[in-house]
Amino acid sequence: MIDTRQKRRKPSIATSSMSDIGFLLLIFIMLIALMNQRYEEKINYSESACLERTQADDNFEIWIQSNGVVSADGNILDAEALEKAIVGAIAQNPNVRIHIIADKDTPYKYVNGVTSILQSLQHRVVSFVAKEK
């Protein structure tokens, strides 16, 4: 008699590609982490006794250093370039909230220069960022 039964193979999982999948996941996570980084200037925040929290989404941040240097998205801007950047942000999202983040030692004339640009553009959704006392 001939045995017609064949030996059954145990199911196996190919583990040779597991390291490739792990490496690809690592690269993906690193890229996502880089995209979520936010640009910040090193400033001393102004203080306020009463704060209103806003959502972090859909903000356009304008940074004003104590020496009057104005920057947005990591680029130092003059008044004309700042106006173009604000118009571009509003064109992308009409509901964008403008955040003005100024050093607490910044003279008022620099902050007023930024707010006058916003007034000329008639953009009314503006927040002044401060830290709580």
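Some notes on this structure:
- Of the peptides 68-80, 20-32, the ranking by mean beta-carbon count within 10 Å, highest at the top, reads 68-80, 20-32.
- Accessible-area ranking of Arg124, Arg9, largest first, probe 1.4 Å: Arg9, Arg124
- Along the range 19-30 the Karplus relation, 6.51 cos²θ - 1.76 cosθ + 1.60 evaluated at θ = phi - 60°, assigns HN-Hα couplings of 5, 5, 5, x, 5, 5, 5, 4, 4, 4, 5, 5 Hz to successive residues, with x for each Gly and Pro.
- Derived scalar couplings between HN and Hα for the range 62-70 equal 10, 9, 10, 7, 5, 8, x, 6, 10 Hz in order, rounded to whole Hz, by the Karplus curve 6.51 cos²θ - 1.76 cosθ + 1.60 (θ = phi - 60°), x for Gly and Pro.
- For the range 77-133, the fraction of 1.4 Å probe accessible surface lying on carbon and sulfur atoms is 48 percent.
- Spacing of the two label points (7 Å from each Cα toward its C-beta) at Phe28 and Ala91, in nm: 3.5
The values are calculated or read from the model by the stated rules, or taken from the named source; none is laboratory data. The shown structure was predicted, so the numbers you read here are calculated from the model rather than taken from an experiment. Cβ: placed from backbone, ideal geometry, glycine included. Neighbour counts: every protein chain shown. Side chains are part of the model used for accessible areas, which takes the heavy atoms of the whole protein and leaves out ligands, DNA and RNA. Shrake-Rupley method; radii C 1.70, N 1.55, O 1.52, S 1.80 Å.
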